[in-house]
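So the structure is just underneath, and the comments pick up after that.
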Amino acid sequence: MHDYNFYDFYFSLTCNVHYRGQRIQAQIIIPGIIFNSETMIEYGQIEEGNIKYSVDFYNEIKKFNNKIGVEDNIIVDKDGKEFEFSGHPEIKGVRGIDKRKYLFDLIHILPRDVNYQGPENLGCILRPELIAVYKYKATDEKLQIKYAADFENFNKELEELNKNHGKVKNYKKSLEDLLVKRKELYDKIKAETTDVMKFNTCLFTNVKFSDKDKTKLAEDEKLLYDLAKFLKEDMIDEYLKKFSLIKEDLPSDSKSLSDSIHRYGINCRYFGEIISRIEKTPKSEKSNSWLKTLIVRDIYVRSARHIFDNLMKNIPSYLSTYFIAHFLNVFLCSASLIKMLEQHEIKYVNGELKLVHSNQTNQTQTKEDGESTEKDSKHKTNDKHKKKKDKKKAKKDKEYEFKSFFMESITNTKLNQIVEFEKINEFLIKPSNFWTQIREVALKKYGYDIATKANFDYIEPVFNKHGMLRDFCMKVGLQIEVVDYDFFPDTNFILKNGLKYENLTFQPKNVVTMYPVLKEVELPSEITKLVFEQVNNNIINFTKLTFKLIISG
């Protein structure tokens with residue numbers, strides 16, 4: 001909206017905060033919105049399917065939607081009443097107590113991605129970069145057919161004028177007249193292509209349409225299907241073609257990879273499609289194997305983040321270091337250590353993580369069962385003595401009823417901590433369970449099928465575990481110690497002496513802290529923009545001057 005210079009509406013500055021497995025949307029406080037937000041909505045859908053309508057808001061929103069190419073619709077509320085709406089009804093128009101007009105819930109300002117349908121994919125929307133490229137391509141094809149002769153005549157006249165540069169008396173005036181003619185042609189084209197394409201953002205959502213719009217809705221659906229096909233077929237091929245020609249500024253981590261595909265309007269959920277396209281590339285052509293490696297690595301990191309968030313939000317803060325260390329070990333340890341870890345039971349005992357071999361746990365269990373039978377036989381003979389002791393204990397308990405509330409609260413907190421100590425063992429996930437979840441998330445969210453590996457050698461050496469660790473820490477907001485983490489330890493020594501938790505790559509002491517990860521839209525300031533441009537020009541001029549001085553010297 002900032003790019004379209006649209007200043008009739010105001011928006012609440014928003015950022016997404018990701019912290020300890022929780023995702024929170026933070027918004028700046030707007031006068032009167034928090035406590036009276038329901039009554040202050042003048043345009044849009046509110047709770048229980050009710051719709052509020054304002055002609056003033058409709059006219060203003062229509063101006064903006066015409067600029068960005070969003071279609072109008074006739075929609076029906078729960079009572080069967082029809083409204084002519086511009087854009088999606090979930091975009092709410094609110095008038096603050098400062099009399100300004102605000103827009104909220106702008107997720108549906110872009111159309112849905114019909115390659116991902118269903119209620120579980122309502123958040124899958126198309127990127128504005130894709131829409132801009134599609135509009136440009138469709139407009140360019142249309143104009144090339146209609147105005148091909150006009151452009152050809154203009155180019156011939158310009159070429160003829162440049163050839164006879166010395167012979168033409170008023171060359172400058174002739175060139176100016178020709179440029180004016182070109183401007184008139186472009187103005188004519190611009191006037192025709194202003195409303196050349198509009199997208200329906202209400203389709204494939206929960207909006208109920210009027211029967212009057214059946215013909216128009218069918219055309220709008222076809223346009224969205226064409227756009228989704230263009231993304232899946234043309235844009236991915238275009239991206240791979242350009243990527244194979246790039247020699248500098250290649251993506252090297254998760255952030256630069258997502259930025260590179262976003263520039264082509266491709267979402268990260270198409271990772272699996274990109275990989276399958278790379279695998280189908282003939283061997284005679286230049287391979288994008290490095291890109292495939294980077295994408296698979298990012299799929300592992302993103303899938304691990306989903307599992308981590310799901311577990312981390314339930315972990316008490318004082319146990320988080322133990323959980324994080326164990327999670328990183330299951331994720332990034334060497335395959336041989338992970339295989340050993342699978343054969344052990346991981347337990348939290350008295351402030352430490354300990355490993356117990358599965359066979360040892362079974363033996364101790366049978367031993368405990370035998371001891372319990374002996375104790376039961378002895379217990380019968382000592383029943384009489386126990387009853388006498390219980391009576392004496394009851395008397396002593398009555399004598400200590402004067403304990404203060406403070407002491408009771410301390411004992412209660414200790415009891416709660418003991419309960420939480422028992423819960424932590426539920427979150428110390430087994431390697432087999434962890435990698436099963438990784439495979440499920442990768443297939444569901446990114447369309448990539450990871451083959452099952454019994455030896456847990458999922459992460460190949462070419463993936464660079466140090467890079468994966470950095471990407472994972474940046475995504476979840478994790479800070480760890482700067483240590484030379486050994487991802488390829490001497491397993492022969494460990495096999496001789498037996499696996500202990502101290503042999504694993506990550507320890508609880510390596511975890512420093514967790515910090516919130518912010519995701520926000522940085523709007524450029526018009527004032528600072530001019531300053532930065534001026535500074536940039538000065539740097540360029542200074543570089544040129546320095547270069548000249550070096551040559552002359």
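Here the Karplus curve 6.51 cos²θ - 1.76 cosθ + 1.60, taken at θ = phi - 60°, turns the phi angles of the range 342-355 into couplings of 5, 8, 10, 9, 9, 9, 9, 10, 6, x, 9, 8, 10, 10 Hz, with x standing for Gly and Pro.
Only counting other Cβ atoms within 10 Å, I'd like I261, I189 sorted with the fewest neighbours first. Walk me through the numbers before you get to the answer.
Details: I261 23, I189 16.
Ordered from fewest to most neighbouring Cβ atoms within 10 Å, I261, I189 come out as I189, I261.
Any chance you could count the Lys pairs in the range 45-91 whose alpha carbons are under 21 Å apart, treating pairs 8 or more apart or on different chains as valid? Please list the in-between numbers first.
Numbers: K52/K62; K52/K63; K52/K78; K52/K81; K62/K81.
Lysine pairs, 8 or more places apart or on different chains, close enough: 5.
Loop-located trypsin sites (Lys or Arg not before Pro) in the range 55-110 (DSSP state other than H, G, I, E, B) with a sparse environment of at most 11 neighbouring Cβ atoms within 10 Å: K78, K81, K99. When peptides 240-246, 253-259 are sorted by average Cβ neighbour count within 10 Å, with the highest value leading, the order is 253-259, 240-246. Which shape class applies to the range 120-252: rounded if a/c is under 1.5, otherwise prolate when a/b exceeds b/c and oblate if not, where a ≥ b ≥ c are the square roots of the Cα gyration tensor eigenvalues? The shape class here is oblate.
Readers should treat all values here as calculations from the given coordinates under stated rules, not as data from a laboratory. From a predicted model like this one, the values you see are computed outputs, not experimental measurements. Neighbour counts are summed over all protein chains in view; Cβ atoms, including those assigned to glycine, are modelled from backbone coordinates with ideal geometry.
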